[in-house]
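Starting off with a structure, shown below.
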Amino acid sequence: MHGRWGWLLCAALLQLQSAGGSQFKAARLHRWSTAGLGYLKNSLCQRVSFLSAAECRRLAEIPQTAVAVYAAEPRAGEKLLTVLPDSGLSLGSGHDAVLTLDPSPELSFGHPLTVYFIDFSVNERRCGARDGLYLGNHECMTLALKSRCENLLKRRTSRTERQNAKERARKRLKGQAADSRLKREDGSAGGRSRREERLVGLCEIHFVPLVVGQKDQSKEQRLRCVEQKGFAACPRPLVISSPNPATANCELNNNTWRCHRQQLLSQKSCRMYQTCDHGVLLSGGWKEHLTYQRHVNNVIHFYRMLRRNGFRPENIKTFFAGDGQLPVGEETEGIYPATEKVMIRSHISYICRAVNCADSLVLYLNSPTRNDGTMLLWDVNNNGIADQKEKYTVGELLMDLEGCKAHRVFIFIDQSYSGTLAKKLLTSNKHPNVVLIGNSRSSEFTWASSFTEFWMELQPDQCLIDYILKNVAWAAPSNLGIVEPTPGLLNSTIYGGPCYNNPPLTPEEVKREYMGCQNLPTAVWYQTIQKKDLPH
């Protein structure tokens, strides 16, 4: 009996220790999260110089319940590596744990968030020498910055010193010539300042990073959103399967069954003696942990809006996530993976280059976005870094749309950082028929799905410009980030129908003459072909 009771007592003690360890782990994580939030609210703007005053005020007032927490803890003493898609490098060397706070989980990626490294067995003096925050228990928390930021911070300091020196020199120098010379010098310094301000934006971390074990060859994501009392609820990532290694290079290997199944024959989208409305929906997602149910809903809602406005299903192509899965019925007919960049660009280019192919060409963009407007498609090789084949830049998009022969091109952007594309369209003379309808002005971020939910209600009898102006939330086109190189392009329906016919057209007339596809007279077709063949 003594041995049996001893065994039971031992088992009970082990169970208590296990439960206590679990509680301590949760308590430790909560302590880290609270410390990280305190640093975010009170000290971040003193540590970095790339946040605006308005952003600093917003962070200082942000409630704890609005902040989502991600954490990665060690396994058997293994160090963790942190990789960002837009940096090209891992953030520093290995660390014991990684904490990420997302102060705006309702915003589309990318938007600023903070990443902290936590190292164990570090005393308070050594933690201070690392410019870290000592958490007690020999734990040190340090703010993660991209590698190039330290040089920029130093450069800003040296520029301030130069400006101070010039101010002292100004007091000593006399005369108009000296003043004009200083103005020229100030102008050049101002130019450097503006260039450096643009570079400083690269310091921000805009994506939940990939955190992997230092020895993990499979690169399993160890950073997970953690539900914690008092903090924001975790977003629910969509269950997505990435392409397996055998099909990751689908564009280079057309002999696999999957490549054959997913082949897109763009030339079949354009028929002789016929012009149609075409749609391309692009929602990259980049990684499983950045792709949510709302992204599926966005694509479905926009697809259904196009269908309601007469776009035929065979003329709507959707490129979604890692393997093109959408858990719906009708909308799965034209679904392709966002992994295949060549296919995406080839299809857009073909629709644009083919004579008489497209009446209206509508692009819907809803991907994670870098601060230069580059869209992230999908991390095919699973290394966490956006390689050339895994991102779609603003320059590439403009190249694909250059001289587009569609009568009108509408780009609907429900993603952050549409400012770069807007500026380039404003100064381009090669995109006169391309209209940008963005979710925000300049370099602002987009909130959840509000933009798509606004456009999903568009009806066939509604003029685009009237529909924009009728909503109080976007009282002026400038607030919506609209770029219209040729005035009047928005004075039509999305399928190119007239806005103000008197008497108004009947629904049957609209369907027959404007929606979907229209047959072209033989004379019109050959006249366009002849113009194309004439020497320039």
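No value in this document is a laboratory result; all are computed from the given coordinates. It should be emphasised that the depicted structure is a prediction, and the values quoted were computed from it without experimental measurement. Cβ coordinates were reconstructed from backbone atoms using ideal geometry, including for glycine residues, and neighbour counts include every protein chain displayed.
Can you give the FRET efficiency to the nearest 0.05 for residue 64 and residue 43, using r as the Cβ-Cβ distance and R₀ = 22 Å?
E(calc), rounded to 0.05, equals 0.85.
Stretched out fully, how many nm does the piece from residue 236 to residue 383 gain, at 0.36 nm a residue minus the Cα gap? Don't skip to the end; give the middle numbers.
Working: separation 147, 0.36 × 147 = 52.92 nm, distance 2.27 nm.
Once the chain is fully extended between residue 236 and residue 383, it gains 50.7 nm.
Which FRET efficiency, nearest 0.05, do residue 34 and residue 353 yield, Cβ-Cβ r, R0 41 Å? Provide the component values of the computation, followed by the final result.
Numbers: r = 57 Å, r/R0 = 1.39.
According to the calculation, E is roughly 0.10.
Right, another one. May I ask you to sort 346, 108 by Cβ crowding, counting other Cβ atoms within 10 Å and putting the fewest first?
Ordered by Cβ neighbours within 10 Å, fewest first: 346, 108.
In Å, what Kirkwood hydrodynamic radius results for the range 398-443 from the alpha-carbon pair distances?
Working: mean 1/r = 0.0914 Å⁻¹.
About 10.9 Å, per the Kirkwood formula over Cα pairs.
Separation between the residue 461 and residue 426 pseudo-spin-labels, each 7 Å from Cα along Cα→Cβ, expressed in nm?
Label at residue 461, label at residue 426, 3.7 nm between them.
Taking every pair of alpha-carbon atoms in the range 274-533, what share in percent sits in each 5 Å bin, from 0 to the bin with the longest distance?
For the range 274-533, the pair-distance distribution reads 1, 6, 13, 18, 20, 18, 12, 7, 3, 1, 0, 0, 0.
Moving to a separate point now. Once R0 is set to 56 Å, what does the formula 1/(1 + (r/R0)^6) return for the Cβ-Cβ distance between residue 470 and residue 220, expressed as a FRET efficiency to the nearest 0.05? Write out the running numbers ahead of the final one.
Details: r = 49 Å, r/R0 = 0.87.
The calculated FRET efficiency here is 0.70.
Compute the length gained on full extension between residue 274 and residue 93: take 0.36 nm times their separation in residues and subtract their Cα-Cα distance, giving the result in nm to one decimal.
Values: separation 181, 0.36 × 181 = 65.16 nm, distance 5.91 nm.
Length gained between residue 274 and residue 93: 59.3 nm.
Most exposed first by the Cβ proxy, i.e. fewest other Cβ within 10 Å, how do 377, 101, 264 rank? Before the final figure, lay out each step's value.
Working: 377 27, 101 23, 264 17.
By the 10 Å Cβ count, ascending, the order reads 264, 101, 377.
OK, next. Spin-label point model (7 Å from Cα, Cβ direction): what's the residue 76 to residue 304 distance in nm?
Spacing of the two 7 Å Cα→Cβ label points: 4.9 nm.
Where does each of 215, 423 land when they are ranked from fewest to most other beta-carbon atoms within 10 angstrom?
On the way: 215 9, 423 14.
Starting with the residue having the fewest Cβ neighbours, the order is 215, 423.
Sticking with this one: Going by average Cβ density within 10 Å per residue, which order do the peptides 502-512, 429-439 take, highest to lowest?
429-439, 502-512
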